[in-house]
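Engineer: Below is the structure I would like to discuss, written out as structure tokens.
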Amino acid sequence: MAGGKAGRVMALDQTETLDLGLIGNSTTAALLNRFGDVTWMCLPRFDGDPVFCGLLEPKAGAESGIWSIRCDDMTEVSQTYRRNTAILETVQTDANGNRLRITDFMPRFRDRGRTFRGRTIVRIVEPLDGMPRITVRLRPRFDYGAHAARIHRGSNHLRYELGPEEMRLTTSAPVEFVLHETPFLLDRPQVFLLGPDEPLSDAPHAIATRFLERTQDYWTDWVRSLTIPPDYQDAVIRAAITLKLCEYEETGGIVAALTTSIPEYQGTGRNWDYRFCWLRDSFFTVKALNGLGVTKTMEDYLEYVLNIATGAPDGYMQPLFGLGHERIITEETCLELAGYRGNGPVRRGNAAYTQVQNDGYGSVILAVSQCFFDQRLPRLGGVDLFQRLEMLGHQAVARWNTPDAGLWEFRSRESIHTHSAMMCWGACDRLARIAKHLDLSDRAIYWAAEAAKIREAVEAYGWNEKLQSYVMAFGGDDLDASLLLMTETGFTTGDDPRYRSTVAAIEAQLRQGHHLFRYKAPDDFGTPETAFTVCTFWLIEALSRLGRHDEAREIFTEVLAQRTPLGLLSEGIHVSTRTLWGNFPQTYSMVGLINAAWKLSRKWEDVV
């Protein structure tokens, strides 16, 4: 069955798109456009200042905030990842048929008992046919596009002052040509290493070659250890690597996306900063990591979630946190960035951290439940952890029938959202299961009783008899895609007539072809214009649970076809134009792909 994408030859249309490649090493990451230009990279973390901000069009002028290496008179370009790695290769061809290859990566490998993951971009440029002439333009900026770097020249390096950050480019190419952007003949391989302002311990070629070999070996071994379904293997592997690259390994946090302010659609103002960690993602992320068998990454992520969940004295949890557990994430507008394809405003920070979102308690407890039952983990949860989780459970009991902003983070209204109440049910239900597992019979009885109360209310007030469907908010008549998750959390099954009729109602209202909108009722910014990709994956899983396997596979194949040439997904798809919109790459979308692939694939024993 269909799997990944090998890349493609691309025309030289200069229109900015989300056909982006991702390189990284779980400390930092960069996005490269289809020509091989570095257009996005933040320091010192994913949520830091974008020293390469070309993706969001600095007002300073064309080609600001980028790092391009291009052959003169380029007529053709193609991109691909080295198989099963995060190493990106771009091949450029000029008008005379000369060709070059740029190999881009960030080093990641085991060294002296630890994982080396330096904040360094390694670029190896080599002629393939003939001797092309190239121009190197290295134009980082800082303070969200406001200022150009101050450049200092060394004997074989350039130092870039970027506010509190300093970077050093060490290269085998003539520094004079890089500094003045002078075209020069590429008659032999040249190496560029951009990283911390530190001298190298060896010649650039030697370091780049060693880093490349060891990084390739690392990713090959990492992919070898994955548990994957027999169908859709290439797609799952690329999604798994992408998910790993969105992990900030030092703390275990996984960001929702690596970018800010890529709008949900042009001209909508739906521009948000996604470079943070949302608790609502935790259950589905742990499920995907567990399915892949990457227990160390799952353990790191669970530790991140646990640190947050147990850090609030009264158990109250805000919806999102910073990579270092920051709780204040002030939202500001960045005036020196015009925005993706001119779509402003560009925002840093996210005011949603101040919202009330009651579904988070269930998401966290459902995720952390893994700690009590998974024997692979070196430290299993006990009574002490259970008691800490009970604080979250008490918040769920107190809040399940109170208005909140909901899963979709409405900014100007609150309701008692059915999904939020259901996730609070999930919190109580899992606490009852954990208590039973720990032989805490009185606590098991207590939490089971609280779960039963919430279930009764969801069935009474979250159900609309006229529509024959569960609805977005208690007593309402609008639908949203989160209702599909009732089977995923164990609230009901695919055999439940109410669930089956809810799926039918959601399809009638929210489905457009092979894509699903999260909702269609107008919100703070009008009527949504893009289908939400993770919701389409939820629909795929729902249809599979209802026995509509062929239809689910057909939709899945369509979504796979909508990925970028390198196999990545953003937040949403504008159905009629078949274009990707929203922050990139969207980990929720990649997680949805992984979970749906498992649902649809044959079993290995049916294949070999």
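Engineer: Taking region 335-355 as the search range and keeping residues that are in contact with a helix residue (DSSP H, G or I) (Cβ under 8 Å, 6 or more places away or on another chain) and assigned to a loop (DSSP other than H, G, I, E, B), which one is nearest to W447 (Cα to Cα)?
Structural biologist: Within region 335-355, the match that is nearest to W447 (Cα to Cα) is V346.
Engineer: Test of understanding: among T285, T297, which residue is touching a Lys or Arg at 6+ places or on another chain (Cβ under 7 Å), assigned to a helix (DSSP H, G or I) and either open to solvent by 10 Å² or more (accessible area, probe 1.4 Å) or in contact (Cβ under 8 Å) with a residue 12 or more places away in the chain (or both)?
Structural biologist: Just a single option satisfies the conditions, and that option is T297.
Engineer: Among the residues of region 567-601, count how many are open to solvent by 10 Å² or more (accessible area, probe 1.4 Å), outside any strand (DSSP E or B), farther than 23 Å from W278 by Cα and touching a residue at least 24 places away in the same chain (Cβ under 8 Å).
Structural biologist: Looking only at that region, the number is 4.
Engineer: Any idea which of L226, L243, L258 is touching a residue at least 12 places away in the same chain (Cβ under 8 Å), more than 30 Å from H549 (Cα to Cα) and out of contact with any Cys (no Cβ under 6 Å at 6 or more places or on another chain)?
Structural biologist: L258
Engineer: Considering only region 168-195, state which residues are loosely packed, with under 14 Cβ neighbours inside 10 Å, outside any loop (DSSP other than H, G, I, E, B) and of a type outside the set (A, V, I, L, M, F, W, C).
Structural biologist: Scanning region 168-195 gives a single hit, E176.
Residue by residue, here is whether (1) open to solvent by less than 30 Å² (accessible area, probe 1.4 Å); (2) among the acidic types (D, E); (3) in contact (Cβ under 8 Å) with a residue 24 or more places away in the chain; (4) touching a Ser or Thr at 6+ places or on another chain (Cβ under 6 Å) holds:
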{"position": "M422", "(1), (2), (3), (4)": "yes, no, yes, no"}
{"position": "A427", "(1), (2), (3), (4)": "yes, no, yes, no"}
{"position": "L438", "(1), (2), (3), (4)": "no, no, yes, no"}
{"position": "I445", "(1), (2), (3), (4)": "no, no, no, no"}
{"position": "R455", "(1), (2), (3), (4)": "no, no, yes, no"}
{"position": "A460", "(1), (2), (3), (4)": "no, no, no, no"}
{"position": "L467", "(1), (2), (3), (4)": "no, no, yes, no"}
{"position": "D478", "(1), (2), (3), (4)": "no, yes, yes, no"}
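Engineer: Let me ask something else. Kindly check whether there is at least one residue in region 508-515 that is open to solvent by less than 20 Å² (accessible area, probe 1.4 Å), of a type outside the set (A, V, I, L, M), in contact with a Gly (Cβ under 7 Å, 6 or more places away or on another chain) and under 25 Å from A405 (Cβ atoms).
Structural biologist: There is no residue in region 508-515 that is open to solvent by less than 20 Å² (accessible area, probe 1.4 Å), of a type outside the set (A, V, I, L, M), in contact with a Gly (Cβ under 7 Å, 6 or more places away or on another chain) and under 25 Å from A405 (Cβ atoms).
Engineer: A further question follows. With region 378-484 as the region, which helices (runs of 4 or more DSSP H) entirely inside it contain at least 2 residues that are among the small types (G, A, S) and over 27 Å from T502 (Cβ atoms)?
Structural biologist: Output list reads 441-461.
Engineer: Ok, one more. Which residue pairs have Cβ atoms under 6 Å apart, sit 6 or more places apart or on different chains, and have a first residue in region 321-348 that is surrounded by 14 or more Cβ atoms within 10 Å (Cβ to Cβ) and a second that is of a type in the set (A, V, I, L, M, F, W, C) and not in a loop (DSSP other than H, G, I, E, B)?
Structural biologist: So the pair list comes out as F321/C277; F321/I308; E331/A351; L337/L56; G339/L56; Y340/L56; V346/L56; V346/L337.
Engineer: Still on this structure, I have one more. Got at least one residue in region 260-272 being assigned to a helix (DSSP H, G or I), among the charged types (D, E, K, R) and open to solvent by 10 Å² or more (accessible area, probe 1.4 Å)? Full working, then the answer.
Structural biologist: Here is the first cut: in region 260-272, the residues assigned to a helix (DSSP H, G or I) are none.
The answer is no, given that none of the residues of region 260-272 is assigned to a helix (DSSP H, G or I), among the charged types (D, E, K, R) and open to solvent by 10 Å² or more (accessible area, probe 1.4 Å).
Engineer: Please specify each residue of region 529-551 satisfying the condition of being out of contact with any Gly (no Cβ under 8 Å at 6 or more places or on another chain), open to solvent by 10 Å² or more (accessible area, probe 1.4 Å) and either modelled with pLDDT under 95 or under 16 Å from W581 (Cα atoms) (or both).
Structural biologist: Passing the criteria: only E529.
The values are calculated or read from the model by the stated rules, or taken from the named source; none is laboratory data. Only a predicted model underlies this, so the values are computations on that prediction, with no experimental measurement involved. Positions of Cβ are generated from backbone atoms using ideal geometry, with glycine treated the same way; all protein chains shown enter the neighbour counts. Note: accessible area is taken over every heavy atom of the protein model, side chains too, but ligands, DNA and RNA are not part of it. Shrake-Rupley method; radii C 1.70, N 1.55, O 1.52, S 1.80 Å.
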